[in-house]
Every structure is written in C-alpha cells, then in structure tokens.
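The structure appears below as structure tokens.
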Amino acid sequence: MTFLQPLILFGLPLVLLPVLIHLLNRLRYRTQQWAAMRFLLSAQKQSIRRSRLRQWLVLLMRMLAVLAIILFLARPMTGGWSSAFSSGQPEFIVLILDRSASMETRLPNGQTRRERALQSFVETVAVREGAELVLFENIRPDEPQLLKQASELLEPEMERFVGSTETTADVPDMIGKAFDWLEDNEIGSAEIWIASDLEENDWDPDGSNRWEALSARYQEKKDRFGLRLLNYDAKQGNNARLLSERVVRRKDHLDCTLKLDRDENSDAPLVIELIVNGERREIPCDFEGTSFRWQPKVEVDPASGEGWGKFKLPTDGNDADNEAYFVFGSPSRTKAFVIAQNKVTRQALSTASTNFSDNENGRPKISSSTDLEQGSLDTTSLLLWQGPLPNPASAQTVKAFAEKGGVVIFLPPQTNDEGVFANCSWTEVSNAPSPDQPFKIKENESREWPLSDTEEGFRLPLGEISFLKRRGLKGDTRRLASFEDGTPFLSRASLGKGNLYFLHTLPEEEWSDLADGFTLVPMIQRLLKAGASQLDPPVFHTLGTPGLVGECVDAPNQKDINTHAGIYRINGQLAAVNRPPAENASNTLQAEQCKDLLGEESILTVEDTGSGSLEVPAEVWRWFLFLTLAALMVEALLVLPGRKKPEAASGLAKHQEGTA
C-alpha cells in the first residue's frame with residue numbers, strides 16, 4: 001500500500017491520544033479506603049469486570065477512529081495483494097492521440113488508423129465506470145479536454161480536437177504534458193492510453209535526453225500509473241506521397257521541383273492533377289521505383305502577376321499526403337551586373353552570367369567602373385565584381401543589395417588593394433612554381449554548393465583546371481573549395497539575407513584556365529538563380545509553425561491553418577502552407593522499441609487489451625472513512641447507560657413496602 005500524502009503519516013502517534021486522555025482523567029481522582037464500602041465492593045466485583053471490558057473496548061474504538069482519520073487524510077492506494085480491497089478502477093483515464101498525417105492511412109476495413117483507434121478506445125472505456133477522462137492531442141497539447149464519458153469523442157463538436165490533420169506529432173512532448181497535468185492535479189491513479197501508428201518522426205527515438213527524463217518520471221510513478229499502447233500498423237502498399245521542394249517563376253513558366261515517394265516499387269506512370277489559380281489540368285509523370293525527384297515546367301501567362309497552385313496525386317491509401325501547394329510572384333529579376341577592370345575577365349564573366357532563358361533581356365549589364373549609384377542594382381540578382389573592393393560610396397549600395405538577398409561574387413584585383421568590405425580584404429598574390437607545376441584543386445574533398453555535382457550526378461571538372469596565380473584573403477569566411485596545399489579557392493560570407501563569394505583567381509590566361517567555362521558557367525548560373533529566388537522569394541510555410549494566422553484562399557472557410565495544408569493569405573500576402581517534410585518518411589518503430597524508450601516492458605499493446613490484465617492502483621480512502629464512522633458508532637453504543645431490569649426494580653419496591 002502506498003500513500004499520496006505520506007507526510008500526514010507523521011501524525012500516527014496521535015492514535016495514542018485517547019489513551020493519554022484516559023490516563024490523565026484517572027489522575028483527577030484519589031482512592032480512599034472506607035470500611036463500610038468493602039462489603040459493597042465485594043458484591044460488585046463481577047459487575048466491575050464487565051465495566052472494565054467495556055471501557056477498554058471504548059478506548060480501542062476511539063484509537064481506531066483516530067487511526068482511520070489519519071490514513072484517510074494520507075490518501076492510501078492499493079496495489080498487488082491489497083488490490084482486492086479496491087475497485088481496481090483508476091481515478092483518471094488519459095488518451096494521448098496522435099493526429100499526424102500518417103494516422104490517416106486506411107486500414108483494410110476502410111477506417112483510418114485514427115478512426116479505428118478512437119473507436120477501440122471508446123468501446124473499451126465505455127464499460128469502465130467511475131474513472132474520469134482527459135484528452136491530450138498534438139495540435140493543442142497545452143489544452144487538455146476533460147470528458148464526462150468516452151462517447152463524447154465521437155460527437156461532431158469534438159472534431160476540432162480529434163479530427164484529421166496533415167501535420168506531424170510530438171509524442172514525447174504529449175506524454176510529458178500528460179505527466180505534468182497528472183502531477184499538478186495530484187491525481188492518485190491513472191491509466192494512460194497512447195494512440196499512435198509509431199511513425200519514427202513522431203516518436204523521435206533519437207531524442208534520448210527527452211526519453212531518459214520521461215522514463216525516469218514513469219519509473220517513479222508506475223505504481224500509480226499504467227500505460228497502454230493503441231497501435232494499428234496495417235501497411236497499405238498503394239500509398240504515394242508528394243512534397244513540394246521549390247518553385248521558381250520565369251517569364252512564361254514555373255520551374256518546379258517535387259519529391260515523389262511510394263511504398264511499392266513500380267514503373268506505372270502517374271497522372272497528377274494540377275490546379276493553377278483555380279484552373280485544372282492533368283500532367284503525366286513517368287515514375288519508376290519508390291522515390292523520384294520530379295521537375296515539371298508549368299506554363300503561365302507572361303503578363304500575370306502573383307498566383308497559386310497545387311499538385312494532387314490520385315486517391316490512394318492515405319489522402320492526407322497527396323497534395324503539395326505553391327505560390328509564385330511576378331517574373332523574377334534573373335539578371336547579372338558585371339563590373340570588371342580586366343577586359344578578358346569582363347568578357348568571360350559576361351558570357352557565364354547570361355540568362356539563357358530570357359532571349360530579350362538575358363544579357364547582363366556591363367561596366368568597368370567601380371562607382372555605383374543608388375538604384376543601380378534594382379533589377380539585378382547577381383553582382384560580379386572584379387577589381388578593388390568597393391569604395392565607401394559604392395559599398396553602401398552593394399551592402400544594401402546583399403542584405404536584401406542578392407548574391408555578390410568578388411574576384412581579385414590584378415594589383416594590390418588595401419580596401420575592406422564586410423571585414424574582408426585581399427592580400428598578396430602567390431604564383432605557381434612554374435607553368436608545368438600549376439596549383440590544383442583538391443579532388444578528394446566533398447563539393448559544397450555552388451560547386452557540387454549536377455542534378456544528373458556529374459562532377460564539375462575542377463581537378464582539370466590549372467592555376468598559375470591566386471590571391472589570398474583576410475577575413476572571417478567559410479572555405480567552400482581549396483587548393484591541394486589548403487589555400488582557399490572559393491570562400492563565402494553571409495551578409496543579411498544574401499551571400500558574398502570570394503573567388504581567389506581570375507578567368508584569364510595569366511591566372512587560370514577558368515575561362516573555358518566548364519566550371520565557371522555552371523557555378524555562376526547557379527548563383528544567378530539563387531539571387532533571383534532570394535530577392536523575390538515565394539512565401540512557403542510548414543504546417544504547425546507557431547503563430548501562423550491567415551485566411552484560406554483555395555478552400556475558403558473550410559480549412560484551419562493549424563491543421564490543414566493549403567493556400568492562405570498571411571499579412572496580406574499569398575503563402576503556401578505544406579505539411580512537414582518529415583511526414584513524407586515512412587519509417588515505423590516496433591512496439592518493443594517504444595517500450596524500450598520508456599524503459600518499461602509491462603506496457604500493454606492493443607493486442608493485450610482483450611486477454612491481458614493491467615493492474616492499476618486505486619485509492620481506498622473511502623474504506624477508511626467508513627471505518628471511522630463504524631468505530632465512532634460502536635463507541636457511542638458502548639458508552640450508552642445500561643437499562644435496569646424490570647425484575648430488579650419490582651423486587652426493590654416490594655422490599656421497601658415490607659420495611660415500611
């Protein structure tokens with residue numbers, strides 16, 4: 001037996017209080033011997049023995065009443081052998097409901113995992129009387145819902161608390177919130193049901209610190225709390241998932257990148273529904289294997305401004321992961337500005353930075369002057385700067401451009417430069433030992449963007465380029481690629497929303513072979529597009545991001561920004577809100593792994609609920625309250641004055657008459 005208020009047990013010595021009062025009461029009288037009373041005392045010995053027995057019983061009942069009151073206040077609980085004296089029902093039954101998108105996977109009977117879990121819980125708990133119910137779910141984990149009966153979970157009014165969502169769940173956080181609530185409300189006994197499909201991203205098994213803390217808390221309370229796991233892990237082999245990764249607006253089309261995954265390996269093509277600004281069309285997708293990165297081009301009106309759209313997969317095993325939303329703005333300013341003092345370098349940079357998708361305005365602006373005026377970069381996404389670092393007047397313009405998201409590439413001047421920009425400055429030029437022994441790029445190191453492999457998996461031929469000259473850099477930058485001796489070839493520094501890149505050589509014959517274009521062109525083209533997307537980025541949010549408030553555009557008055565993906569207007573701007581990328585994964589834990597996370601093998605799964613028996617401690621304070629009342633009633637009966645026998649009274653009357 002355990003107690004919820006064990007400190008009250010320090011009051012157990014009060015059980016002796018009736019004895020103490022009895023002894024003190026006896027000290028109030030002194031015994032005086034009187035000869036005439038000896039004969040009466042001898043006659044009443046037998047009556048005195050009965051009186052003493054009654055007094056001892058009265059004293060015992062009073063002590064028992066005090067003991068029962070103390071134990072009643074200490075809130076005793078049964079467990080193990082003592083459970084026979086309790087009802088076995090917990091004080092509270094807690095339901096922790098995983099409402100993540102993966103819980104919408106359909107089971108063979110047509111129900112979703114979430115619907116089946118709710119139905120099983122309601123059917124099981126409906127026959128349990130006396131326990132109160134409380135619901136914790138992942139959308140509002142700080143707002144537990146108290147229920148009078150389990151059937152309320154299936155009522156339409158509870159849809160906002162138990163309905164479908166397209167977001168993710170944080171199971172350890174919900175378990176922690178449930179423990180907090182039970183402790184704060186001093187709940188004596190509880191049965192905790194976890195309804196989840198055991199998706200790895202929802203359980204976060206790598207968050208060892210959180211699980212260790214939860215396991216320690218549960219070990220302290222397992223004599224009061226029981227755990228059950230509702231898990232319906234029925235896989236559906238026909239489920240596919242769609243995720244939007246990137247959408248870039250060009251003049252007359254959108255460059256889209258989406259990730260497609262499906263459970264079964266297949267070469268069957270998919271027909272994907274596309275809606276742009278409310279207009280529906282279909283796009284075939286030749287999809288082989290289980291994972292595929294799809295890059296369709298979606299035509300749009302060149303004169304159109306902002307808009308929105310969505311891709312949708314055909315109905316399958318889980319409709320909650322079939323849609324991907326996107327927004328787009330006006331055509332991005334994918335244009336470069338080249339400032340180079342060296343003529344050959346200027347020509348090479350001009351060719352490499354041409355926007356080949358725009359035949360009319362794709363050529364970059366070109367200048368040999370390092371003096372920039374305000375507004376010079378308003379239509380630019382990439383600035384290529386070869387020469388001394390910007391003077392104070394031009395530096396303000398370049399800095400403002402980078403802070404808004406623009407990309408700047410600095411190439412070294414041919415002569416020494418003492419200028420400083422963003423705490424960076426060029427140092428001395430170093431020459432290769434000879435034309436036959438040029439500087440080379442390390443080939444064994446991993447390539448970072450913008451020098452990473454192409455989307456087709458081809459590597460840029462950095463190792464084939466010969467370098468005769470290079471200039472050092474002083475400043476806090478990140479090295480992206482190095483020469484064989486460790487000297488940086490390309491460095492990067494962040495400034496506001498944009499990035500500054502420092503290329504340590506020049507694309508001209510006296511310095512290097514970069515002008516051949518096999519490395520220079522793809523690198524600069526990537527930076528050109530990156531600048532355009534950073535300066536005019538479409539607004540994308542992940543479902544579940546705290547603080548999101550907006551009005552639904554694609555289905556007005558039908559969606560909640562906290563639970564369903566879609567197009568919303570946030571602060572007057574169109575925004576695409578998509579489900580978390582983690583929900584695209586399909587890695588599932590085993591029930592035994594979940595038990596290990598809490599360090600408890602006795603957690604019952606749904607298969608055990610029909611045959612297994614979960615011993616739940618229960619409070620038995622009512623028994624001690626009844627015991628107190630019973631003791632006081634017996635004590636009251638014992639102290640009642642005795643009734644004279646009618647025969648004795650009649651004999652006394654006759655004796656008095658004879659005497660008279």
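First select every other residue whose beta carbon is under 10 angstrom from the beta carbon of TRP294; then total the charges, Lys and Arg +1, Asp and Glu -1. The partial results should precede the final answer.
Details: positive: LYS259, ARG293; negative: GLU245, ASP286.
Spelling it out: positives minus negatives among the neighbours equals 0.
Given an 8 Å cut-off on Cα distances and at least 6 residues of separation, report the relative contact order of the range 319-414 as a percent. Each step should come with its number before you reach the end.
Numbers: 140 pairs, mean separation 28.1, N = 96.
Relative contact order for the range 319-414 comes out at 29 percent.
In Å, what Kirkwood hydrodynamic radius results for the range 291-443 from the alpha-carbon pair distances? Before the final figure, lay out each step's value.
Values: mean 1/r = 0.0517 Å⁻¹.
By the Kirkwood definition, the hydrodynamic radius is 19.3 Å.
For the range 435-509, what does the convex hull of the Cα positions come to per residue, in cubic angstrom?
113
Please report the antiparallel percentage of DSSP beta bridges with both residues in the range 385-526, rounded to the nearest 5.
Details: 20 of 26 bridges.
Of all bridge pairs located within the range 385-526, approximately 75 percent are antiparallel.
Indicate, rounded to the nearest 5 percent, the antiparallel portion of the DSSP beta bridges found entirely in the range 509-605.
Details: 7 of 10 bridges.
Percentage antiparallel, nearest 5: 70.
Loop only by DSSP, 10 or fewer other Cβ within 10 Å of the Cβ. Give me the chymotrypsin sites (Phe, Trp or Tyr not before Pro) in the range 327-386 that pass, ordered by residue number.
Here the chymotrypsin sites (Phe, Trp or Tyr not before Pro) that fit, given the DSSP loop and packing criteria, are PHE356.
If you take the square roots of the eigenvalues of the alpha-carbon gyration tensor of the range 535-580 and sort them as a ≥ b ≥ c, do you get rounded (a/c under 1.5), prolate (a/b over b/c) or oblate?
On the way: a/c = 1.71, a/b = 1.26, b/c = 1.35.
The shape class here is oblate.
Please label the shape of the range 248-293 as rounded, prolate or oblate, based on the square roots a ≥ b ≥ c of the eigenvalues of the alpha-carbon gyration tensor (a/c under 1.5 means rounded; beyond that, a/b larger than b/c means prolate, else oblate).
On the way: a/c = 2.93, a/b = 1.83, b/c = 1.60.
Since a/c reaches 1.5 and a/b is larger than b/c, the shape of the range 248-293 is classed as prolate.
Given H placed on each backbone N at 1.01 Å, which residues far from SER482 in sequence or on other chains put an amide H within less than 5 Å of it?
LYS442, PHE489
Using the Cα centre as the reference, give the magnitude of the dipole from point charges on the C-beta atoms of the range 435-543 (Lys, Arg: +1; Asp, Glu: -1; all else neutral), rounded to the nearest 20 debye.
600
Amide H of THR112 versus every other amide H placed in the peptide plane: which residues, excluding those fewer than 5 positions away on the same chain, fall under 5 Å?
Those qualifying (amide H under 5 Å, at least 5 residues apart or on another chain) are LEU107.
Over all directions, the average projected area of the alpha-carbon convex hull for the range 498-575 comes to how many nm²? Walk me through the intermediate numbers first.
Numbers: hull surface 30.5 nm².
Taking a quarter of the hull surface, the average projection is 7.6 nm².
For a protection proxy built on the mean count of beta-carbon atoms within 10 angstrom, sort 473-480, 196-203, 410-417, 176-183 highest first, please. Before the final figure, lay out each step's value.
On the way: 473-480: 15.2, 196-203: 22.8, 410-417: 18.9, 176-183: 17.4.
Going from most to least packed, we get 196-203, 410-417, 176-183, 473-480.
Which net charge results when you count Lys and Arg as +1 and Asp and Glu as -1 among the other residues whose beta-carbon is under 10 Å from that of ALA324?
Working: positive: ARG241, LYS259, LYS310, LYS312, ARG579; negative: GLU245, ASP321, GLU323.
Overall, the nearby charge balance is +2.
Hey, how much of the P(r) for the range 291-367 falls beyond 15 Å, as a percent of Cα pairs? Could you put the intermediate results ahead of the total?
On the way: 2074 of 2926 pairs.
Pairs farther apart than 15 Å: 71 percent.
Given the Cα atoms of the range 214-300, and with Rh set as the inverse mean 1/r over their pairs in the Kirkwood sense, what is Rg to Rh to two decimals?
Values: Rg = 21.6 Å, Rh = 16.8 Å.
Ratio value, two decimals: 1.29.
Quick one: Cα convex hull volume of the range 249-336, Å³ per residue?
On the way: hull volume 9.0 nm³, N = 88.
Spelled out: Cα convex hull of the range 249-336, divided by residues, is 103 Å³.
Place the peptides 498-504, 56-62 in order of packing, highest mean first, counting for every residue the other Cβ atoms within 10 Å and averaging per peptide.
498-504, 56-62
Evaluate the Kirkwood expression for the hydrodynamic radius of the range 372-443, namely the inverse of the mean inverse distance over all pairs of different C-alpha atoms, and round to one decimal in Å.
Taking the inverse mean of 1/r over all distinct Cα pairs, the range 372-443 comes out at 14.2 Å.
Apply the Karplus curve 6.51 cos²θ - 1.76 cosθ + 1.60, θ = phi - 60°, to the phi angles in the range 303-318 and return the couplings in whole Hz, x for Gly and Pro.
8, 6, x, 6, x, 8, x, 8, 9, 9, 7, x, 4, 8, x, 8
Per residue, how big is the convex hull around the C-alpha atoms of the range 205-355? Give it to me in cubic angstrom, could you? Kindly include the intermediate steps, with their values, before the conclusion.
On the way: hull volume 35.2 nm³, N = 151.
Roughly 233 Å³ of hull volume per residue.
Step through the residues of the range 366-374 one at a time and calculate ³J(HN,Hα) from phi using the Karplus curve (6.51 cos²θ - 1.76 cosθ + 1.60, θ = phi - 60°), rounding each to whole Hz and writing x for Gly and Pro.
Each residue's phi maps through the Karplus curve to give 10, 8, 9, 8, 8, 9, 10, 9, 4 Hz.
Report, by chain and number, residues whose modeled amide H sits under 5 Å from the one on ILE366, excluding near sequence neighbours (fewer than 5 apart, same chain).
VAL338
Three principal axis extents, largest first, for the C-alpha atoms of the range 93-233, in Å?
41, 38, 24
Please list, in order along the range 378-393, the HN-Hα scalar couplings obtained from phi with the Karplus expression 6.51 cos²θ - 1.76 cosθ + 1.60 (θ = phi - 60°), rounded to whole Hz, x for Gly and Pro.
5, 10, 10, 10, 9, 10, 9, 10, 10, x, x, 4, x, 6, x, 5
Can you flag which of LYS148/LYS595; LYS529/LYS559; LYS251/LYS559; LYS440/LYS474; LYS474/LYS497; LYS259/LYS595 are past 28 Å Cα-Cα?
On the way: LYS148/LYS595 30 Å; LYS529/LYS559 34 Å; LYS251/LYS559 32 Å; LYS440/LYS474 21 Å; LYS474/LYS497 22 Å; LYS259/LYS595 33 Å.
As for pairs spanning more than 28 Å Cα to Cα, those are LYS148/LYS595; LYS529/LYS559; LYS251/LYS559; LYS259/LYS595.
Would you work out the charge dipole size for the range 137-190 about its Cα centre, treating the Cβ of every Lys and Arg as +1 and the Cβ of every Asp and Glu as -1, and quote it to the nearest 20 debye?
Working: 4 positive and 14 negative charges, 28 e Å.
Here the size comes out at about 140 debye.
Cα extents of the range 430-586 along the three principal axes, largest first, in whole Å?
Projected onto its principal axes, the Cα set of the range 430-586 covers 72, 34, 25 Å.
Read-outs: derived from the displayed coordinates by stated rules, not from any lab. Only a predicted model underlies this, so the values are computations on that prediction, with no experimental measurement involved. Every residue, glycine among them, receives a Cβ derived from its backbone with ideal geometry; neighbour counts consider all protein chains shown.
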